[in-house]
């Protein structure tokens, strides 16, 4: 395991620089010699994919900001100018717009992988909490960005969502007025949203650094959910997992590229190609697809304040997940009851996403209320009860055991 050795610069210049600013040693220990469980599967590649997508979003966003005009009378035309007049502006915008959707695809897979394998359990509670904070920042950034094209869906989504703050007692009206910069959604609102949309990705990058730091303290979780016990249980991150991550990233980028070049508007809404008109309300206002489950929860509550509380509570409950699930076993591979409820939760979230895209009437509304009730019951009732009644399967002794137990000694001729 050559890569597991400490970093030692070979040149005199390298040694001089390392003694004053040990960046090489930090990179080596964090991304090359970092001991990683040998049984990580491809679901673990999405962490690296998310880091790559963050860089793509920041890079394309900075260039787009050079040509965007945050004014209610000019924003829509400036986006059209980017598409038609800026060299490769169409490509940058389609990468940025579809990249947001693929960012959320990756983060949802990453989060559900954490739920399945118990990556939120001790000693990784802070790692999980930082992940939820990143998710909140992503949601805020994506919503702010969705408003910037200043089409019909952008304008009315901003109007609906900012109005929700007015339901907060005492301070709600003041928050709404500050967000608007006046008494309705207009140019000051767009200026505020543009500034925040530009700022938040750099805040996300800062929290990502903390997230990686928090990961390196306890080390990676793994599909078995047990700690590495011997040197045989781990591999250096490079070249074993860098090559694996690069392959997963290449597949992900190919799929993203297909959408960018062949179906760039598939994940968007056609009404957003109509300039914003405060006097013409769209027949059916819907947010981007990655907000639809929370939109269904919001609309399932008949009271405005109650809907806001449910909307916020659906995210806040994730912060307390490490303490709601008290089972000592992490991986759902060894928790048969939990595994069934996990897949029910996945189905419920997909169902809420579908219901969020439909009108809040009749059977759709009733179904939204049922699934909303189950979503909260999963975290607040089912998980605590499972911790008491579930009988997990026995865990293997080590990470290497399931791989090596069937190997025969060399020269044994296959005999026991």
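Any read-out appearing in this document is the output of simple, stated calculations on the displayed coordinates, not a laboratory observation. What you see is a predicted model; the values in this text were computed from it and never measured. Counting neighbours? That spans all protein chains shown, and the Cβs are built from the backbone with ideal geometry, glycine included.
Here are the numbers:
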read-out: Pairwise centroid distance, computed over Cα atoms, of region 1-65 with region 278-333, Å; value: 35 Å
read-out: P(r) weight above 23 Å for region 173-279, C-alpha pairs, percent; value: 64 percent
read-out: Two-decimal ratio, region 286-390, of alpha-carbon radius of gyration to 2.2 N^0.38 Å; value: 1.13
read-out: Most to least packed among 324-333, 182-191 [average Cβ atoms within 10 Å]; value: 324-333, 182-191
read-out: Segment residue 183-residue 387, extension gain: residue separation times 0.36 nm, minus the distance between their alpha carbons; value: 68.4 nm
read-out: Label-point separation, residue 232 to residue 160 (7 Å along Cα→Cβ), nm; value: 5.8 nm
read-out: Förster-model FRET efficiency, 30 Å R0, residue 8 and residue 240, C-beta, rounded to 0.05; value: 0.90
read-out: Over the chain, relative contact order from alpha-carbon pairs under 8 Å, at least 6 apart, %; value: 22 percent
read-out: Cα-projected label distance for residue 395 with residue 274, points at 7 Å along beta-carbon direction, nm; value: 5.7 nm
read-out: Helix-only [θ]222 nm of the chain, DSSP H runs n ≥ 4, -39500 (n - 2.57) each, per residue, nearest 500; value: -20000 deg cm²/dmol
read-out: Tilt relative to the chain, helix 125-147 - C-alpha long axis, 0 to 90 degrees, to 10; value: 30 degrees
read-out: Two-decimal log10 I(q)/I(0) for the chain, as the Debye equation yields it once each C-alpha is a single scatterer, q = 0.08, 0.11 Å⁻¹; value: -0.54, -0.96
read-out: Anisotropy class of region 1-116 from Cα gyration tensor, a/c 1.5 cut; value: oblate
read-out: Packing rank of 257-266, 388-397, where each peptide gets the mean count of other beta carbons within 10 Å, highest leading; value: 257-266, 388-397
read-out: Over 19 Å [Cα-Cα, region 77-129], rounded percent; value: 52 percent
read-out: Relative packing of peptides 364-376, 206-218 - highest average C-beta neighbours within 10 Å first; value: 364-376, 206-218
